[in-house]
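First the structure, in the form of structure tokens, and then the observations on it.
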């Protein structure tokens, strides 16, 4: 007669294990006590974590390296550039389909690249976003600080670390309740010495499971916050499933699981600072030193889109005439009238006829992007490419300073002048008069900008450009995503003056049209949405913050036209 296996008292085992979870759940918001208790109750013993041979940080991969499988995801093909978004995975096939440089710390399956979690093969500050979904729980606790510091090393100082891990709170509540939202048991029983075979990967032995990949820790939000601030991240916040890269790429990876905790971490946001103009003597000395260091001065094209600017043009043209060229750069200025119904074109023609500057006039369909691209196509010189707004006033030093800045900062792809108000201060334009009440700007400002090359040259899907209305918002996301945050920088001491909003109606319009344009950008390339909060400026507590919040409450859902603000004309 066959011997019957020893029966296991399932009820008593369940009560014992669920009792542990009840105790842990009661201290879930006390990170150090919670960590100690889970180690005592769940993780009795250490396991080694699999690591490949050390890989030296040699910089970003080349286009020939197999870091990025563009053909594996359904996002629109926008460029041949590698993104400055790093995705760290641990064996999930789905996560290798993201619009990112995808690496894996697990040898399972067919990863693009196997890397050591503590020795990533990238240079410092390389990425705008570093993402790791369901990776951190596999790292031994004594290596968590080292691992997070390594991820922080390859992240730009203004970038964001995005983490997804199993959520202790959700997991524990389901175990205590006994079922998942789908009505399935929240745990399974075994006749082995470990009574609960595996509770959402909490680290119990499971026959056939590679012990190297069992979970080493379970995070509550408080515990994850504790670890992230332990490596000197200043700001930690929760994210939703809809704010994750996988969601925007249409990929159903572990970050989209109902029991996932998503969080973001970043360094402190500093207030915006403005560097005032140089004295004439200091500026002359800067230009002289530059010419001694640099014997080849790049030429520069400046495109000026014009749409019904007859009131602003005389003042702009005067400021352009007085712009210095102490560095001796070859410059070409192309005015592009687009959809004008006023006297703008005649004003420009008369000005060009008497100017000593190299200028010409052309036309395009209505729209800033169409005008900018038309101007670039009409150029006669090769070199830097700039865009100037016709309703501004240039500081005489700005064009020289921007050219010098690009020459001497090879990692910068686009620079711009600091926008300054030219009108009186009102409650609605306080941020322009007192920039310190907002955090530092990480995006480019299109009023006066200078690019190292044609900014549209690396965009392979030109159809995307037909959906946007202004260039600087789209290019801010494009450069941050594919060139990195270091590619966008303000030129110190370069200034451009313009009018600002004066009333609530104009502020509402300004906010609404920006939101509408961002919606168009995200429709064109959904993955850009993970940069939304990164590029968003924080408003510090002030009367202005309350005014902006009121304006947002009054903002309509969409504004189709990039309309001119009445009070600035």
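What follows draws every value from the coordinates through simple rules; no lab data is involved. All values derive from a computational prediction rather than experimental measurement. Cβ: placed from backbone, ideal geometry, glycine included. Neighbour counts: every protein chain shown.
R0 = 45 Å: FRET efficiency of residue 281 with residue 363, Cβ-based, nearest 0.05? Computed FRET efficiency for residue 281 and residue 363: 0.60. Within region 339-363, list the residues whose amide N lies under 17 Å from a label point set 7 Å along Cα→Cβ of residue 318. 347-348, 351-352, 355, by backbone N distance to the label point.
Need one number: % antiparallel among DSSP beta bridges in region 280-498, to the nearest 5.
On the way: 10 of 34 bridges.
Taking every DSSP beta bridge with both residues in region 280-498, the antiparallel ones total about 30 percent.
Ordered by the count of other Cβ atoms within 10 Å of each Cβ, fewest first, 389, 505 give 505, 389.
Using a 7 Å offset from the Cα along the Cα-to-Cβ direction at both residue 515 and residue 325, what is the distance between the two label points in nm, to one decimal? If labels sit at residue 515 and residue 325, their model points lie 4.5 nm apart. Residue exposure proxy: 274, 303, 412, ordered by other Cβ atoms within 10 angstrom of their Cβ from fewest to most, comes out as 274, 412, 303.
At a 10 Å Cβ-Cβ cut-off, how would you order 236, 385, fewest neighbours first?
By the 10 Å Cβ count, ascending, the order reads 236, 385.
For region 205-347, what does the alpha-carbon gyration tensor say about shape, rounded, prolate or oblate, given a ≥ b ≥ c as the root eigenvalues, a/c under 1.5 as rounded, and a/b over b/c as prolate? Write down the numbers at each step before the final one.
On the way: a/c = 3.22, a/b = 2.18, b/c = 1.48.
Because a/c hits 1.5 or more and a/b exceeds b/c, region 205-347 counts as prolate.
Summarising the label geometry, the points placed 7 Å from Cα in the beta-carbon direction at residue 465 and residue 81 lie 1.4 nm from one another. Based on alpha-carbon atoms, the Kirkwood radius and the radius of gyration of region 280-498 give Rg/Rh equal to 0.94. Cα centroids of region 246-270 and region 294-324: 44 Å apart. Give the distance, in whole Å, between the Cα centre of region 381-400 and the Cα centre of region 335-352. Distance between centres, Cα-based: 18 Å.
What the Cα convex hull of region 474-547 gives, in volume per residue, is 134 Å³.
Here the spin labels are modelled as points 7 Å beyond Cα on the Cα-Cβ line, and at residue 311 and residue 241 they lie 5.1 nm apart. Extension gain, residue 273-residue 184: 0.36 nm per intervening residue step, less the Cα-Cα distance, totals 26.5 nm.
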